[in-house]
1. Please compute the modelled spin-label separation between THR22 and SER186, points set 7 Å along Cα→Cβ, answer in nm with one decimal.
2. Quick check: with the 1.4 Å probe, what order do LEU27, LEU171 take by accessible area, largest first?
3. Could you please state, rounded to a whole Å, how far the C-alpha centre of the stretch 115-138 is from the C-alpha centre of the stretch 9-50?
4. Straight-line reach from LYS103: which aspartates and glutamates fall under 12 Å, measuring Cα to Cα and dropping same-chain residues less than 8 apart?
5. Tell me the relative contact order for the stretch 62-203 as a rounded percent, counting alpha carbon contacts under 8 Å between residues six or more apart.
6. Per residue, what accessible area does the chain have, given a 1.4 Å probe and all protein chains present, in Å²?
7. Over the stretch 54-96, calculate the relative contact order: mean separation of alpha carbon pairs under 8 Å at least 6 apart, over the residue count, as a percent.
8. In the stretch 140-193, carbon and sulfur make up what percent of the accessible area (probe 1.4 Å)?
Amino acid sequence: KIRRLVLSRWRVNSYILICPKTGISALIDVPPEASELIKSLDGTQTKYILLTHGHIDHIAGLGGGISRIKAPLAIHPGDRERLEIKPGLLLQDNEVIEVGNIKVKVLFTPGHTVGSVCFLIGEHLISGDTLFPGGPGRTDSPPDFQQILKSLREKIFVLPDETQVYPGHGLFTTLKKEKVEFAVFSSRSHDPGLFGDVSWLKS
């Protein structure tokens, strides 16, 4: 089971994975309003708190009541300095984390931040701010934009078309749709200084 909660003024998608056979869960990203997350975890045994990256809108709830959840906090080493709380686990590319009978594969996808990751659960991809419907996550420089494109080409767009994408903000999408739109983007020439909020079809 994958539950989505849309929280805070940033409208962050926080996800809860639940293994229906064991009741073991994992929380992915911790925006403010942690009390809502705690309610949604009731009746489960939370094994991990997983972070897609270290931007404030995805971690601001860590300092509140979420500390009552006695589960290791996991982030990629590239973003560990963004945390005030010491992580209990540093995520590595292609690492597989078990949440009950669910296998969660870590995909290292830098670009939006140095330590951005996505989580692959079968045909479900929790993409954080690496991929949204219609484009990649925001980047802060042309090299960052080239890096996120590299991450998408090498780690994300090689996955099956039927993969369902659960982004860090906004609505769900599919890789089939994103691959088609990315092909349109790739067929055009672009300013080498391109970065920021980029749309596959409008940029």
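The values are calculated or read from the model by the stated rules, or taken from the named source; none is laboratory data. Computed from a prediction, not measured in an experiment: that's the story for all the values here. Cβ: placed from backbone, ideal geometry, glycine included. Neighbour counts: every protein chain shown. Side chains are part of the model used for accessible areas, which takes the heavy atoms of the whole protein and leaves out ligands, DNA and RNA. Shrake-Rupley method; radii C 1.70, N 1.55, O 1.52, S 1.80 Å.
1. 3.7 nm
2. Most to least solvent-accessible, the answer reads LEU171, LEU27.
3. 18 Å
4. In chain and number order, the partners are GLU95, GLU123.
5. 19 percent
6. Value for the chain: 46 Å² per residue.
7. It comes to 39 percent, rounded to a whole number.
8. 59 percent
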